[in-house]
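Here the structure is laid out as structure tokens; the discussion comes afterwards.
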Amino acid sequence: MRLLLVEDDPMIGEAVRDGLKLDGYTVDWVRDGVAADAAIAVGDFAAVLLDLGLPRRDGLQVLKTLRARRGAVPVLVITARDAVADRIAGLDAGADDYLVKPFDLDELGARLRALLRRAAGRPQPIVEHGPVTIDPATREVTVHGRPVAVSAKEYALLVALTERPGIVLSRSQLEDRLYGWGEEVGSNAVEVHVHHLRRKLGDDVIRTVRGMGYTIALDGGA
Ligand code: CA
């Protein structure tokens with residue numbers, strides 16, 4: 001899953017980015033409000049982590065612009081502004097959740113999972129799809145109850161497909177979700193990940209839609 005991190009503090013930014021990468025997310029990091037506007041306008045992000053005190057353009061303005069353009073991406077505000085009035089302003093401007101600095105990275109991870117769950121309309125913490133289960137908290141994948149080891153990119157691909165069962169995602173849409181800016185993408189990277197996942201999960205779980213892309217079987221290939 002691809003996230004946008006908007007944070008001008010280099011130490012906090014680095015810690016958050018590295019922590020989220022360890023959790024298996026693809027993270028693009030921008031350091032001011034103008035760059036955040038530009039990234040949100042073109043990127044396909046699962047969520048935005050937004051600092052409010054930013055150079056060039058305030059985070060609250062970034063958030064208001066995003067919602068005014070009818071952008072629906074979930075936003076988690078991370079900020080040092082802990083006054084109640086600031087929290088209310090952030091939530092009323094369209095933030096989905098709020099974390100005050102200094103915060104614990106594990107709590108950030110848990111709040112993010114809750115946010116992504118709500119955005120997917122899925123109250124259950126475990127994703128079940130036919131014989132396949134995915135636990136976003138541990139990134140454990142099972143097939144018929146048997147744990148399966150998957151790589152970070154294979155996990156991201158599986159999550160992207162199970163987010164919206166029955167929807168076909170093209171190769172380039174999947175590349176966008178799996179790879180951040182500046183990451184080298186091999187020309188057949190997605191095909192290779194799909195091939196490996198089929199070997200691990202069974203041939204029927206991921207279906208190829210000729211000329212269009214890939215989809216997860218609605219019955220999970222059960
Ligand atoms: Ca700041």
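Since every read-out is calculated from the coordinates, none of them should be taken as a lab result. The structure presented is a predicted model; accordingly, all values stated were derived computationally and were not measured. In this analysis, Cβ positions are derived from the backbone assuming ideal geometry, glycine residues included, and neighbour counts consider all displayed protein chains.
A straight line joining the Cα centroids of segment 75-106 and segment 116-185 runs 27 Å. Ordering 180-192, 101-113 by mean Cβ neighbour count within 10 Å, with the highest value first, yields 101-113, 180-192.
For the chain, the 222 nm mean residue ellipticity estimated from helices alone, with every DSSP H stretch of n ≥ 4 adding -39500 (n - 2.57) and the total spread over all residues, rounds to -12500 deg cm²/dmol. Ordered by the number of other Cβ atoms lying within 10 Å of each residue's own Cβ, fewest first, I167, I206, I216 fall into the sequence I167, I206, I216.
For V194, V143, V75, what's the fewest-to-most ordering of other Cβ within 10 Å of each Cβ? Intermediate values should be presented prior to the final figure.
Working: V194 23, V143 17, V75 28.
Placing the least packed residue first, the sequence is V143, V194, V75.
Given their separation in residues at 0.36 nm each and the Cα-Cα distance between them, K64 and A15 gain 15.0 nm when the chain is fully extended. Across the options L112, L178, I134, the greatest Cα extent toward the positive end of the charge dipole of segment 92-194 (unit charges at beta carbon of Lys, Arg, Asp, Glu) belongs to I134. Taking D176, D92, D37 in turn, the Gaussian network model of the chain (Cα-Cα springs below 10 Å) assigns the largest fluctuation to D92.
Taking 0.36 nm per residue of separation and subtracting the current Cα-Cα distance, fully stretching the chain between V42 and T138 would add 31.5 nm.
By the beta-carbon count within 10 Å of each Cβ, the least crowded to most crowded order of K153, K200, fewest first, is K200, K153.
Under conditions of 10 °C and 1.306 mPa s, segment 2-119 yields 114 µm² s⁻¹ as its translational diffusion coefficient, taking Rh as the Kirkwood radius over Cα pairs in the Stokes-Einstein equation.
For K101, give me every one of the lysines with a C-alpha distance below 29 angstrom, ignoring sequence neighbours fewer than eight places off in its own chain. Correct list for K101: K21, K64. Rg and Dmax of the chain, based on Cα coordinates, read 17.9, 54 Å.
For a straight C-alpha distance cut-off of 18 angstrom, the lysines reachable from K200 (same-chain residues fewer than eight places away being disregarded) are K153.
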